[in-house]
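Report on the structure given below.
The values are calculated or read from the model by the stated rules, or taken from the named source; none is laboratory data. The shown structure was predicted, so the numbers you read here are calculated from the model rather than taken from an experiment. Because the Cβ atoms are built from the backbone with ideal geometry, glycine has one as well, and the counts that use them run over all protein chains shown. These area figures cover heavy atoms from the full protein model, side chains too; ligands, DNA and RNA do not enter into them. Shrake-Rupley method; radii C 1.70, N 1.55, O 1.52, S 1.80 Å.
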Amino acid sequence: MDTILYLAHTEADGSLSKTALEALSAVKSLAKGLGGGFAVGLVGEAVQAAADSVAGCGATDFYAVQGADYAVSRYATDTAACEAICKQAGANLVVGPATARFSRCLPGVAARLGGRTDTQCTGLAVDGGEVVVNRWYYRQRMESAQTRAQRPWVITVAPCCFMPEEGCAGSASLTEVAVNVTTRTEVVGVEAPSADEQTIRPEAEILFVAGAGWTKKQADGAAHMKQAEQHILGFLEGSKASLGSSKSLVDLSGEGEEVLSFMTHLHQVGQTGATPRHKKGLATCCHGEEPHVVGWRFITERRAVNLDPNCGWAQGKADVLYVADAFEVMTKVNEMLGK
Ligand SMILES: Cc1cc2nc3c(=O)[nH]c(=O)nc-3n(C[C@H](O)[C@H](O)[C@H](O)COP(=O)(O)OP(=O)(O)OC[C@H]3O[C@@H](n4cnc5c(N)ncnc54)[C@H](O)[C@@H]3O)c2cc1C
């Protein structure tokens, strides 16, 4: 019988992230499928509040490594903390969220324990008494379902694949785990792109994709970049949607053409870009070519605005295609949003 340990780290405000709560619900159903229990291990500056927030999740034990050294993401301290918890819990099946912080340290923990790791798993289940994980390969063109005989087995769960665990707050009794670690690395700050229009934000309700059509000459024979910027930013602000782009639009800057100032390669959706998982997507001035649309495979409800009734979206790639001028449509939509 596997001894299951769920590992998570707290956020700056002491809470558990949505991704961490999703991994917890994955662990709960895994333990149920195996007919056993599981323990929780938490790492952070102060983890009592996080432990209390999931106290009723069904875990048998709550292990904690806490203190100022564990407030920030740092390989040396995080790896030592997780290794110590795994050893104290006697865990041979360890599951954590594929956050940036744990994606960095958990494979190292597996190596230190002499185990194996599978990262960014999109499924975790029990089949015939065996633990099975799902992973994507080759830029999400092939999906595998795989098991492992080796233990310890350290698994990270990709965001947005399970419903987050909720409604199980209470009072958790922590077992403090001692860690012996020295580090030469001092974290003096964090530099990250602002989580607004600068990046694709997975937690947004809607993905708004802008295509190269926004920069093309329109019916009056002129391009309208400033207007395009206003429409796009107005919609993002009004709807709190996350911004994505086609390759053609983000490549324009490299070709020395006039570009939308906020657009970067981090926004690119598609075969050679990102594969976001928003519930809803709206594509504007984007043709809907196959290499772009493969990046939409996890988007449940797809709509597009395009002047061309024969564009790619019309070929079964969107649920709804509005054959219309996106400049006019977004003017109206932003008016309705009060922008
Ligand atoms: C190996 C390979 C990998 C690739 N990977 C990717 C990838 O990861 N992501 C990606 O996006 N592409 C990728 N591509 C490129 C892809 O094939 C397309 O060239 C690209 O997606 C086209 O971008 P677009 O639709 O924005 O531009 P365009 O093809 O120029 O389409 C612009 C669209 O805007 C519409 N339009 C113009 N004005 C308006 C208006 N006023 N209102 C409404 N609609 C309007 C036009 O009708 C047109 O359909 C890849 C290609 C290759 C060969």
Take segment 253-283 and flag every residue that is within 11 Å of the ligand (Cβ to nearest atom), of a type outside the set (Gly, Ala, Ser) and not in a loop (DSSP other than H, G, I, E, B).
-> His265, His267, Gln268, Val269
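Would you please name the residue that is modelled with the highest pLDDT, looking only at residues in segment 153-167 that are part of a loop (DSSP other than H, G, I, E, B) and in contact with a Cys (Cβ under 7 Å, 6 or more places away or on another chain)? It would help to see each step written out before you state the result.
Step one: list which residues in segment 153-167 are part of a loop (DSSP other than H, G, I, E, B), which gives 158-167.
Subset that is in contact with a Cys (Cβ under 7 Å, 6 or more places away or on another chain): 158, 165.
Working: Ala158: 93, Glu165: 97.
Restricting to residues being part of a loop (DSSP other than H, G, I, E, B) and in contact with a Cys (Cβ under 7 Å, 6 or more places away or on another chain), the top hit is Glu165.
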Segment 68-94: number of residues that are touching a helix residue (DSSP H, G or I) at 6+ places or on another chain (Cβ under 8 Å) and open to solvent by 40 Å² or more (accessible area, probe 1.4 Å) = 3
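Which members of segment 319-330 meet the condition of being away from the ligand (no atom under 11 Å from the Cβ) and in contact (Cβ under 8 Å) with a residue 40 or more places away in the chain? Lay out the reasoning, then the answer.
Kept after step one, since they are away from the ligand (no atom under 11 Å from the Cβ), are these residues of segment 319-330: 319-320.
If the condition is that a residue be away from the ligand (no atom under 11 Å from the Cβ) and in contact (Cβ under 8 Å) with a residue 40 or more places away in the chain, then no residue fits.
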Taking segment 227-242 and keeping residues in contact (Cβ under 8 Å) with a residue 12 or more places away in the chain and either assigned to a helix (DSSP H, G or I) or under 11 Å from Met330 (Cβ atoms) (or both) leaves Gln227, Ala228, Glu229, His231, Ile232, Leu233, Gly234, Phe235, Leu236, Glu237, Gly238, Ser239
Residue satisfying all of: in segment 195-245; open to solvent by 10 Å² or more (accessible area, probe 1.4 Å) and polar (S, T, N, Q); modelled with the lowest pLDDT among these = Gln198
May I ask you to verify whether Val250 is out of contact with any Ser or Thr (no Cβ under 6 Å at 6 or more places or on another chain), surrounded by 21 or more Cβ atoms within 10 Å (Cβ to Cβ) and over 19 Å from Met330 (Cβ atoms)?
-> yes
With (1) more than 20 Å from the chain's Cα centre (by Cα); (2) assigned to a helix (DSSP H, G or I) as the list, and Leu24 as the residue in question, which single condition is left unmet?
-> (1)
Which strands (runs of 3 or more DSSP E) does segment 84-135 wholly contain that include 2 or more residues that are free of Cβ contacts under 8 Å to residues at least 40 places away in the same chain?
-> 116-121, 123-127
Scanning segment 5-36 for residues that are over 19 Å from Cys105 (Cβ atoms), open to solvent by 10 Å² or more (accessible area, probe 1.4 Å) and at pLDDT 95 or above gives Asp13, Gly14, Ser15, Leu21, Ser25, Lys28, Ser29, Lys32, Gly33, Leu34, Gly35, Gly36
Residues being among the basic types (Lys, Arg) and near the ligand (Cβ under 9 Å from one of its atoms): count how many of those fall in segment 231-252.
-> 1
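Taking the condition of being near the ligand (Cβ under 6 Å from one of its atoms) and either at negative phi or acidic (Asp, Glu) (or both), how many residues in segment 284-294 meet it? Can you show your working first?
Our first condition is that a residue be near the ligand (Cβ under 6 Å from one of its atoms); within segment 284-294, this holds for 285-287, 289, 291-292.
Remaining after also requiring either at negative phi or acidic (Asp, Glu) (or both): 286-287, 289, 291-292.
Of the residues in segment 284-294, 5 are near the ligand (Cβ under 6 Å from one of its atoms) and either at negative phi or acidic (Asp, Glu) (or both).
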